[in-house]
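Asks: Have a look at this one before I ask anything.
The values are calculated or read from the model by the stated rules, or taken from the named source; none is laboratory data. This is a predicted model, so every value here is computed, not measured. Ideal geometry is used to build each Cβ from the backbone, glycine not excepted, and the neighbour counts take in all protein chains shown.
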Amino acid sequence: MKALRFSGFGDVSAVLHIEEVPTPALAPDEVLVEVHAASINPSDVKNVQGKMKQTTLPRTPGRDLAGIIVAGDKERVGKQIWAAGGDIGFTRDGSHAEFIAIHRLGIRPKPKSLSMVESASVGINYITAFFGLIEKAKLKDGETVLVTGASGGVGSSVVKIAKSKGARVIAVDRQVMAPEMARRLGIDLALSSQSDDIVNRARQFTHGKGVDVAFDCVGGPFFEIALNSLGLGGRQLNITSVGDRRVSFD
């Protein structure tokens, strides 16, 4: 089978190449999936660049996929599935190949309402957003969420999940989101990180109360901005820190 491979870390265009490799041999608890679609996450790029310390080489990258089971579980052969995350792409070969071996517990039936491409695009973005917003922050109907990096993969997923739960959303991005996009996503207040006083605008929007949840997809200097936008009993989540791994606050 053909697979995208890298045997050393570095610039994506320099170290990635297509190889002909054996189709994966299956362990008893694995299934073989014919990959029909796979997405590219920022972490996939960082992986190739050597920024994901757990990665072992040589490796096929890719964390998200949608496809069809072709071997390994007779009852599920022929079923359309989607999968994401775990150790694939880091310590075991990922989804940027024609076939992938995955633990049978790591797959789920593909929703009929989504195409293969749409299903492969959901993965890590929505898992991260849902886990943080719903599982950890315990977002409630009527609460206000501030999202930094709102146009990114995880940020836009946070926006959509928050709106589906009846929350109000303050979206922060480098540029103010176009009004038609903000309306389409249901964003209640769109702010620019370059030109707006985010903390004061958030306070004004919440009538001095502060936001209930801050989901910071940027980090760095935004960590303290998000923190200062919180109201009493507010919850903050951070998934990264762009530029500098450390964050600081008063």
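Asks: Restricting to region 224-242, give me the number of residues that are part of a strand (DSSP E or B) and farther than 9 Å from Gly210 by Cβ.
Replies: Count: 5.
Asks: Would you please name the residue that is farthest from Gly85 (Cα to Cα), looking only at residues in region 20-65 that are of a type in the set (Val, Ile, Thr) and in contact (Cβ under 8 Å) with a residue 60 or more places away in the chain?
Replies: So, considering only residues that are of a type in the set (Val, Ile, Thr) and in contact (Cβ under 8 Å) with a residue 60 or more places away in the chain, the one farthest from Gly85 (Cα to Cα) is Val21.
Asks: Which one of these does Asn47 not meet: (1) touching a Pro at 6+ places or on another chain (Cβ under 7 Å); (2) within 15 Å of Phe99 (Cβ to Cβ); (3) among the polar types (S, T, N, Q)?
Replies: Against the list (1) touching a Pro at 6+ places or on another chain (Cβ under 7 Å); (2) within 15 Å of Phe99 (Cβ to Cβ); (3) among the polar types (S, T, N, Q), Asn47 comes up short only on (2).
Asks: Could you figure out which of (1) assigned to a loop (DSSP other than H, G, I, E, B); (2) at pLDDT below 95; (3) not charged (D, E, K, R) isn't true of Gly8?
Replies: Looking at each condition in turn, Gly8 falls short on (2).
Asks: Could you tell me whether region 21-33 includes any residue that is at pLDDT 95 or above, surrounded by 14 or more Cβ atoms within 10 Å (Cβ to Cβ) and farther than 24 Å from Ser119 by Cβ?
Replies: Among the residues of region 21-33, at least one is at pLDDT 95 or above, surrounded by 14 or more Cβ atoms within 10 Å (Cβ to Cβ) and farther than 24 Å from Ser119 by Cβ, which makes the answer yes.
Asks: In region 197-230, what count of residues is obtained for those that are more than 26 Å from Ile127 (Cα to Cα) and either surrounded by 17 or more Cβ atoms within 10 Å (Cβ to Cβ) or out of contact with any helix residue (DSSP H, G or I) (no Cβ under 7 Å at 6 or more places or on another chain) (or both)?
Replies: Matching residues across region 197-230 total 14.
Asks: Oh, and also: Give region 188-236 a look and list any residue that's modelled with pLDDT of 95 or more, polar (S, T, N, Q) and over 23 Å from the mean Cα position of the chain (by Cα), or say none.
Replies: Within region 188-236, Asn200, Gln204, Thr206, Asn228, Ser229 meet the criteria.
Residues checked against (1) part of a strand (DSSP E or B); (2) more than 17 Å from Val21 (Cβ to Cβ); (3) in the same structural domain as Asn47 (by TED's automatic domain parsing):
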| position | (1), (2), (3) |
| --- | --- |
| Glu75 | no, yes, yes |
| Gly78 | no, yes, yes |
| Ile81 | yes, yes, yes |
| Gly94 | no, no, yes |
| Ile100 | yes, no, yes |
| Arg108 | yes, yes, yes |
| Pro111 | no, yes, yes |
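Residue-wise test of (1) more than 27 Å from Val48 (Cβ to Cβ); (2) β-branched (Val, Ile, Thr); (3) surrounded by fewer than 22 Cβ atoms within 10 Å (Cβ to Cβ).
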{"residue": "Trp82", "(1), (2), (3)": "no, no, no"}
{"residue": "Thr91", "(1), (2), (3)": "no, yes, yes"}
{"residue": "Ala101", "(1), (2), (3)": "no, no, yes"}
{"residue": "Pro109", "(1), (2), (3)": "yes, no, yes"}
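Asks: Among the numbered criteria (1) among the hydroxyl-bearing types (Ser, Thr, Tyr); (2) outside the structural domain of Cys217 (by TED's automatic domain parsing); (3) under 13 Å from Gln236 (Cα atoms), which one does Thr144 miss?
Replies: In the conditions (1) among the hydroxyl-bearing types (Ser, Thr, Tyr); (2) outside the structural domain of Cys217 (by TED's automatic domain parsing); (3) under 13 Å from Gln236 (Cα atoms), Thr144 misses (2) alone.
Asks: Could you list, in sequence order, all residues of region 233-250 that are among the β-branched types (Val, Ile, Thr) and farther than 23 Å from Lys138 by Cα?
Replies: Hits for region 233-250 are Val242, Val247.
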